[in-house]
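K.L.:
My questions will all concern the structure given below.
The values are calculated or read from the model by the stated rules, or taken from the named source; none is laboratory data. Here the structure is a predicted model, which means the values were calculated and not measured. Every residue, glycine among them, receives a Cβ derived from its backbone with ideal geometry; neighbour counts consider all protein chains shown.
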Amino acid sequence: MPTINVKGSDVAVDEEGYLEDLGDWNEDIAAHMADEDDLELTSEHWDIINFLREYYDEYQIAPAVRVLTKAVGKKFGKEKGNSKYLYALFPYGPGKQACRFAGLPKPTGCI
Amino acid sequence: MSEELQEGVVKKMMYLNRKAPYGTVYALESLEVVLIGAAFDQDVSLAFVDDGVYQILNGQNTTKDSGIGMKDFSPTYKALGDYDITKLYVEKESLEERGLSADDLMDLVYEDEDDDWAEKPSIILVSREELADVMDEQEVVFSF
């Protein structure tokens, strides 16, 4: 099983880099994954990551991008509720990349 | 079907759920197909009949001690509204035959975008006869 090494401890991930165990997650892991993708996490990134974690906690799924976009617009303001904003933050896709940083499985329906 | 979808044809589709949530994989599979299929903007409804009504029972306990030992995926039904799936038909007779009533079901709601995001119930209680009529109107029925 592949692992990533974050601050001295090995964390199990799947072949696409998603955490095997959601319970392993911490902010250092998110920052490490972002660093690997040449991204620096800003408070705007964290808003989305934390939102995804709360959504998963409540509904036991990662939301589809369409659902995420609508929810972000409602929570953080209309100007942020569009895929342009989310793709600017997460160039590999707000579903795939942000969910990975958040320690969640790949969103259902995301190919 | 894919060509029709590309042309923007909206079909009336029903997912018919007849089985208890745990013990077989039908309920979870149905739910996953519903969530994936939601991306195609079809006119989707769900129906819960027979043991299928147990899928949306309130307060499910699936711990090892309960004898089930599977992940409780019932919270995911609460996300259906976010996916614009707002018609969940529940057959009254199926509830009654199991000593259940609407009060035993989860509070499943959606926010109506056209009505200032007012929260509205998604569950529609129907008799066996009424459900037969609704099923008659469907162009596609997926049975799980």
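K.L.:
Output the residues belonging to the range A:94-111 that are assigned to a loop (DSSP other than H, G, I, E, B) and modelled with pLDDT of 85 or more. Break it down into steps so the answer makes sense when it comes.
P.N.:
So the first thing to find is which residues in the range A:94-111 are assigned to a loop (DSSP other than H, G, I, E, B), and the list is A:102-111.
Result: A:A102, A:G103, A:L104, A:P105.
K.L.:
Can I ask one more? Might you let me know whether the range B:60-67 holds any residue that is among the β-branched types (V, I, T), assigned to a loop (DSSP other than H, G, I, E, B) and surrounded by 12 or more Cβ atoms within 10 Å (Cβ to Cβ)?
P.N.:
yes
K.L.:
Another one. Filtering the range B:98-117 down to residues that are loosely packed, with under 12 Cβ neighbours inside 10 Å and over 17 Å from the mean Cα position of the chain (by Cα), which residue is modelled with the lowest pLDDT?
P.N.:
B:E113
K.L.:
Has the range A:25-39 got at least one residue that is within 30 Å of B:K71 (Cα to Cα), among the polar types (S, T, N, Q) and either assigned to a helix (DSSP H, G or I) or out of contact with any Ser or Thr (no Cβ under 7 Å at 6 or more places or on another chain) (or both)?
P.N.:
Yes - at least one qualifying residue is present in the range A:25-39.
K.L.:
If you check every pair at least six apart or on different chains, which have Cβ atoms under 7 Å apart with a residue in the range A:21-36 that is at negative phi first and a residue that is part of a helix (DSSP H, G or I) second?
P.N.:
Listed by first residue and then by second, the contacts come to A:A30/A:I49; A:A30/A:F101; A:M33/A:R100; A:M33/A:F101; A:A34/A:F101.
K.L.:
Please count how many residues of the range B:63-91 are at pLDDT 90 or above and within 14 Å of another protein chain (Cβ to nearest Cβ).
P.N.:
Summing the residues that are at pLDDT 90 or above and within 14 Å of another protein chain (Cβ to nearest Cβ) in the range B:63-91 gives 15.
K.L.:
Sort out which residues of the range B:29-51 are outside any loop (DSSP other than H, G, I, E, B), touching a residue at least 24 places away in the same chain (Cβ under 8 Å) and aliphatic (A, V, I, L, M), and write them in order of number. Walk me through how you get there before you give the answer.
P.N.:
Initially, the range B:29-51 is screened for residues outside any loop (DSSP other than H, G, I, E, B), giving B:29-40, B:43-48, B:50-51.
So of that shortlist, the ones also touching a residue at least 24 places away in the same chain (Cβ under 8 Å) come out as B:29-31, B:33-35, B:37-38, B:40, B:43-48, B:50-51.
B:L31, B:V33, B:V34, B:L35, B:A38, B:V44, B:L46, B:A47, listed by residue number.
K.L.:
Shifting gears a bit: Looking at (1) under 28 Å from B:G8 (Cβ atoms); (2) modelled with pLDDT of 90 or more; (3) crowded, with 16+ Cβ neighbours inside 10 Å, which one does B:K120 not meet, given that it meets all the others?
P.N.:
Condition not satisfied by B:K120: (3).
K.L.:
Still on this structure: Regarding the range B:17-28, can at least one residue be identified that is away from chain A (no Cβ under 14 Å), in a helix (DSSP H, G or I) and surrounded by 12 or more Cβ atoms within 10 Å (Cβ to Cβ)?
P.N.:
For the range B:17-28, residues away from chain A (no Cβ under 14 Å), in a helix (DSSP H, G or I) and surrounded by 12 or more Cβ atoms within 10 Å (Cβ to Cβ): present.
K.L.:
Please go through the range A:58-93 and give me each residue that is facing chain B (nearest Cβ under 9 Å) and either assigned to a loop (DSSP other than H, G, I, E, B) or charged (D, E, K, R) (or both), ordered by number.
P.N.:
Within the range A:58-93, A:E58, A:Q60, A:I61, A:P63, A:A64, A:R66, A:K70, A:K74 meet the criteria.
K.L.:
Being on the phi > 0 side of the Ramachandran plot and within 13 Å of chain A (Cβ to nearest Cβ) is the requirement here; does B:D50 meet it? Let's see the steps before the verdict.
P.N.:
Values: on the phi > 0 side of the Ramachandran plot: yes; within 13 Å of chain A (Cβ to nearest Cβ): no.
So B:D50 fails the test.
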